[in-house]
Amino acid sequence: MLPAYSGSSPHDDPKAGRTLSTRLDHRNPLVFDTHELGRRPGALQRISRTVDAPRDLGVAGVIGVPEGAPVEIELRLESVMEGVLVTGTARASAEGECVRCLEPVELELDADFQEMFSYPDSDDRGRSKAVADDEAEDDESMIPLEDGMFDLEPVLRDAVVLALPMQPVCREGCAGLCAECGTNLNENPDHHHDAVDIRWAALQGLAGSLGTDEKDNMSDAASGVDEKQEK
Ligand SMILES: [Zn+2]
Ligand SMILES: [Zn+2]
């Protein structure tokens, strides 16, 4: 019989038991330890920690928290029958680019999350098969605790991506860039082009060539151009 979740510190574990590559590193600031919380259902613990943002925290190429930027994390750990229910908030500054005018965008991010981390032995409890089947879907979404520790990084990543806008804009109603020349229309609200769009001019030319009256003029003009180019 395995000893119940012993109160022994992780340092008592034989080194042989730490060879698995999946073992979490308690020195990683995004790894949290639930030993202090204990396994008595209802026990609560609050943790505040500011960590350096891991790489690629955000929507790739659109907006995200720069690597190493501070992320303030507030956690509420609650001991429940199956494991530890973690509810929390992450605050950080995200940086990106306005999708309309390409100017830099910075926004304060406030991401909420909740995740259930299960005791690895919780499946061994005497639950009826019917109940187990009903909850099979939920069970799959539960992340097992490892050595009483959990890695918040994937949870944080999902929460941050959900909280970020997929199409960040520098301001509501950003006018964007001129489709023809790329001028920033926020800075030049009166900007416009007097010249007729070249595609529109081509259509006008086509319409003209279909008209019998203008046909001669058009061909004259065309031959005139041809002569000039030949010289
Ligand atoms: Zn903009
Ligand atoms: Zn323009």
Pull out the extension gain between S48 and H192, defined as 0.36 nm times the separation in residues minus the alpha carbon to alpha carbon distance; nm, one decimal. 46.6 nm
Calculate, in nm to one decimal, what H26 and A69 gain on full extension: separation in residues at 0.36 nm each, minus their alpha carbon distance. 13.4 nm
Of the trypsin sites (Lys or Arg not before Pro) in segment 53-110, which ones lie in a loop per DSSP and count no more than 16 other C-beta atoms within 10 Å? R55
All other residues with a Cβ under 10 Å from the Cβ of A43 taken together, and with Lys, Arg as +1 and Asp, Glu as -1, what is their net charge? 0
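A short reminder: the numbers here are calculations on the coordinates, not readings from a lab. On a predicted model such as this, the values are computed, not experimentally measured, just so you know. Neighbour counts run over all protein chains shown; Cβ positions are idealised from the backbone, glycine included.
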